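The values are calculated or read from the model by the stated rules, or taken from the named source; none is laboratory data. Keep in mind that this is a model prediction, so the values were computed, not measured. Heads up: the accessible areas ignore ligands, DNA and RNA and are worked out on the full protein's heavy atoms, side chains in. Shrake-Rupley method; radii C 1.70, N 1.55, O 1.52, S 1.80 Å.
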Amino acid sequence: DLYGQIKCGDRNGSEYLFAIICVSTGVVFVQPPRAKSEAVAALRAFARWFAIRAPAMEAELGVAQGSLQLGELRCDRGGEFTSTWGATKSAFDEAVKAIFLGRWFGSPDAPR
């Protein structure tokens, strides 16, 4: 999810928190973008981090090397995660397609 706008006086100008939680491992990844428009860069940063970290996570879990994959991105229907109802593809859509095996949209106000 993308949280914000948070006026916290960050020295780098960050006003949002981009967070991904892996349901398989419980690992949390947080990136502090300065604007909602940086959500694509934050998603790509997560993919790079995962590629570097996956071998260690596989060893910790005792699973075969190369077996951890980024399966399904689950997100609410926030504007940073959606396109124009499929009429056009956004940069975020293209990044998700390149990084994940699938995508699932939930409801923003659904109980957890």
Amide H contacts under 5 Å for ARG103, placed H, 5+ residues apart:
LEU73
Ignoring any ligand, DNA or RNA, what whole percent of the accessible area of the stretch 13-77 comes from carbon and sulfur when the probe is 1.4 angstrom?
56 percent
